[in-house]
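Quick notes on the structure that follows.
The values are calculated or read from the model by the stated rules, or taken from the named source; none is laboratory data. Quick caveat, the model's predicted, so the values are computed rather than measured. Glycine also receives a Cβ, built like all others from the backbone with ideal geometry; neighbour counts cover every protein chain displayed. For the accessible areas, the whole protein counts, side chains as well, though only heavy atoms, and no ligand, DNA or RNA atoms are used. Shrake-Rupley method; radii C 1.70, N 1.55, O 1.52, S 1.80 Å.
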Amino acid sequence: MEFTHFDENGKALMVDVSAKNETERTAVAAGRISVSQAVYDAIEEGTVGKGDVLGVATTAGIMGAKRTSELIPMCHILPITNCRIQFEMNPEECAVYCWCTVKVTGKTGVEMEALTGVSIALLTVYDMCKAIDKSMEIGEIYLCRKSGGKSGEVRNVKKSAKPAKSLADLDIL
């Protein structure tokens, strides 16, 4: 496999995608935050002092996906055509699962945008709930699938989160 992120001197560079064809590209990433029972109940009951936790986290996740190129040095600026954040509360695990689906018509994929969207959404849940409990744990952030481009459809067969709903049941783009 040829590495395209380095020049002839081994220095990092942004990949030149100008010769690539524009295709519709989609990526779905997932993650979760484990919380205490007090935090879980406060999110579910809407009693967190900072407001609607999942509503604010949805907006933050979308904003994070849109600003990925400002956070990850070699990412291209992409004209995202759609971004959706979805949450599922899991009372048995005292956890909140998050999915971010990002779509673009362009010359490069949106995997980093989907991963960033999930990360920022979950960090926002933490921020909004930290006054209740600071021991929350964010983890299991991974790419579920991507489509478009030269590699076509790719599914992560090594990782499967255990939400109550399956990925197929989610209303993803």
message: Take residue 109 and tell me if it is open to solvent by less than 50 Å² (accessible area, probe 1.4 Å), in contact (Cβ under 8 Å) with a residue 24 or more places away in the chain and more than 11 Å from the chain's Cα centre (by Cα).
response: yes
field: Residues (touching a residue at least 60 places away in the same chain (Cβ under 8 Å) and either of a type in the set (D, E, K, R) or surrounded by 24 or more Cβ atoms within 10 Å (Cβ to Cβ) (or both)) located in region 83-100
entry: 84, 88, 93, 96, 98, 99, 100
task: Taking residue 65 as meeting all but one of (1) out of contact with any strand residue (DSSP E or B) (no Cβ under 6 Å at 6 or more places or on another chain); (2) more than 15 Å from residue 130 (Cα to Cα), write down the number of the exception.
output: (1)
- prompt: Does residue 91 satisfy being modelled with pLDDT under 95 and farther than 22 Å from residue 145 by Cα?
  reply: no
- prompt: Taking region 14-45, which residues are surrounded by 21 or more Cβ atoms within 10 Å (Cβ to Cβ), closer than 24 Å to residue 110 by Cα and aliphatic (A, V, I, L, M)?
  reply: 27, 28, 29, 30, 33
- request: Identify the single condition in (1) closer than 19 Å to residue 125 by Cα; (2) free of Cβ contacts under 8 Å to residues at least 24 places away in the same chain; (3) among the small types (Gly, Ala, Ser) that residue 69 does not satisfy, given that it satisfies every other one.
  value: (1)
- prompt: Do we have residue 11 as surrounded by fewer than 18 Cβ atoms within 10 Å (Cβ to Cβ), modelled with pLDDT under 95 and basic (Lys, Arg) here?
  reply: yes
Region 46-81, residues that are among the polar types (S, T, N, Q) and open to solvent by less than 70 Å² (accessible area, probe 1.4 Å): 58, 68, 69
query: Given the residues 126, 142, 97, which is the only one that is out of contact with any Gly (no Cβ under 9 Å at 6 or more places or on another chain) and of a type in the set (Phe, Trp, Tyr)?
result: 126
Scope region 1-36; condition over 22 Å from residue 153 (Cα atoms), in a loop (DSSP other than H, G, I, E, B) and among the hydrophobic types (A, V, I, L, M, F, W, C); matching residues: 13, 14, 35
query: Which of the following residues is under 18 Å from the mean Cα position of the chain (by Cα) and of a type in the set (Gly, Ala, Ser): 19, 114?
result: 114
Conditions (1) on the phi > 0 side of the Ramachandran plot; (2) of a type outside the set (Lys, Arg); (3) more than 13 Å from the chain's Cα centre (by Cα): number failed by residue 132: (1)
